[in-house]
Amino acid sequence: FGQIRAVVQPGLRRFSSSPPRILITGGLGQLGRGLAHLLRSRYGKDNVILSDIIRPSDDIVRAGPYVFADVLDFKNLQELVVNNRVTWLVHFSALLSAVGEQNVPLAVRVNIEGLHNVMELSKQYGLRLFVPSTIGAFGPESPRNPTPDVTVQRPKTIYGVSKVHAELLGEYYHHRFGLDFRCLRFPGVISYDTPPGGGTTDYAVQIFHDALRDGEFRCYLREDTRLPMIYIEDCLRALAEFMSCPEGMLRRRTYNITAMSFTPEEIVRSVRRHIPDLTVKYAPDHRQQIADSWPEVFDDSNARRDWGWQHEYDLDRMCDIIIHALRVTPE
Ligand code: AKB
């Protein structure tokens, strides 16, 4: 009976066994703080440790445990896992698609060597390991509309190559050593209070800030570039649901998930319902070539069937919420 205890803190679900102890790497990127908030509400504040190599602000420290963790330093990670009795690891550290192309050696180190460290550590300590993958794990030879879970993957960015490597290595460690590896391929994630870090889909975040501040938006993709997208709330809920899913429900270790697919022209139309005078200029740059090699529509039917994935936000609903929130609390 030693393991069996009920958690009675207000607002928490009751557990028949101990809640997980979760470490999030790369925690000060676009997703970490929101995920920590969500998981802390489910599993208790002190059971979720946010980590990064960045000096945290006061509100990050106030929100719950925050530690320094360099994913390139195995011993540092090992010490954190041991000292904090970590049982789940969410590995967010990575250079995204556009920024990865600007510094390939760094992307190789962070995205590939960093992954090797967390993978090995998760194997040694029996952790449940979540690694996000991406629409960027596909390339021009993949079917683009729709793109299924299993198909040709020949990405043309170092980011995409590193994510295919993560998917394959994780699946191999699962098959060979029984590692509880879980991976969701995310589309472009849209948030308004945490900036994305150098991706190709970032225009769909930037538009809200530029439209409200200047009434002008310069888009680095062509107006007809269709890409799969998801609102951050849906993305984080998907991750939390997938991580808490009983093993028996999973029929694969890597799933596509998505909520919508739109073009710059379509998001502009949706934003103009609130800001009719918005002016837009299209000036495609190097990111156009990356976007042109990615899926237009993602097939996530396996996730919907196997573990009940369902999105809640479509384009208009997401735009309504973001514009309202940014008007109430301007930057
Ligand atoms: C990027 O644009 O690089 C990311 C992604 C789709 O993985 N947002």
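General observations
- Per-peptide packing, taken as the mean over residues of other Cβ atoms within 10 Å, places 122-135, 284-297 in the sequence 122-135, 284-297 from highest down.
- Taking 7 Å steps out from each Cα toward its Cβ at L106 and E331 produces label points 2.1 nm apart.
- Residues in region 153-159 carry Karplus couplings, in order, of 10, 10, x, 10, 10, 5, 4 Hz; the curve used is 6.51 cos²θ - 1.76 cosθ + 1.60 with θ = phi - 60°, and Gly or Pro positions show x.
- Under 5 Å, built H, 5+ apart or other chain: amide partners of V48: I22
- For the residues G44, G139, G178, a GNM of the chain with alpha-carbon springs under 10 Å puts the largest fluctuation on G178.
- Region 167-259: GluC sites (Glu not before Pro) falling in loop per DSSP and having at most 15 other Cβ within 10 Å: E223
- Multiplying the residue separation of S244 and L168 by 0.36 nm and removing their Cα-Cα distance gives an extension gain of 25.2 nm.
- If the convex hull is drawn through the Cα atoms of region 25-121, its volume per residue in Å³: 98 Å³
- Helical contribution to [θ] at 222 nm, DSSP H n ≥ 4, -39,500 (n - 2.57), averaged over the chain, rounded to 500: -11500 deg cm²/dmol
- For the chain, the extents of the C-alpha atoms along the principal axes are 64, 44, 39 Å, listed from largest to smallest.
- Across region 199-232, the residues whose backbone nitrogen lies under 16 Å from the label position 7 Å along the beta-carbon direction of H324 are 232.
- In a fully extended conformation the segment linking E312 and V152 would gain 54.7 nm over its present Cα-Cα distance, using 0.36 nm per residue.
- Inter-probe distance in nm under a simple model that places probes 7 Å from Cα toward Cβ, at V67 and Q124: 1.4 nm
- Beta bridges per DSSP with both ends in region 174-331, % antiparallel, nearest 5: 25 percent
- Under Karplus coefficients 6.51, -1.76 and 1.60, residue-wise ³J(HN,Hα) of region 268-275 in Hz, glycine/proline x: 4, 4, 5, 5, 5, 4, 9, 10
- Using the average count of surrounding beta-carbon atoms within 10 Å as a protection proxy, the listed peptides 252-263, 155-166 rank, highest first, as 155-166, 252-263.
- Spacing of the two label points (7 Å from each Cα toward its C-beta) at R251 and R304, in nm: 1.4 nm
- The Cβ shell under 10 Å around T263 holds other residues with a net charge of -2, Lys and Arg each +1, Asp and Glu each -1.
- Candidate cross-link partners of K123 among the lysines, defined by an alpha-carbon separation under 25 Å and a same-chain spacing of 8 or more, comprise K75, K163.
- Residue by residue, region 100-112 carries 3J(HN,Hα) couplings of x, 5, 7, 8, 5, x, 5, 4, 4, 5, 5, 7, 9 Hz when phi is fed to the Karplus relation 6.51 cos²θ - 1.76 cosθ + 1.60 (θ = phi - 60°); x denotes Gly or Pro.
- Taking amide H atoms as placed 1.01 Å from N in the peptide plane, the amide H of C219 lies under 5 Å from those of K281, Y282, A283, each 5 or more residues away in sequence or on another chain.
- Among beta bridges that DSSP assigns inside the chain, antiparallel share in %, nearest 5: 10 percent
- Fully extended contour minus Cα-Cα distance, from D46 to E141, at 0.36 nm per residue: 29.7 nm
- Two-site FRET efficiency, N76 against H274, from Cβ-Cβ distance with R₀ of 30 Å, rounded to 0.05: 0.05
Coordinate-derived values only; no laboratory data. Quantities reported herein were computed from a predicted structural model and do not represent experimental measurements. Please note: Cβ atoms are built from the backbone with ideal geometry, for glycine as well, and neighbour counts cover all protein chains shown.
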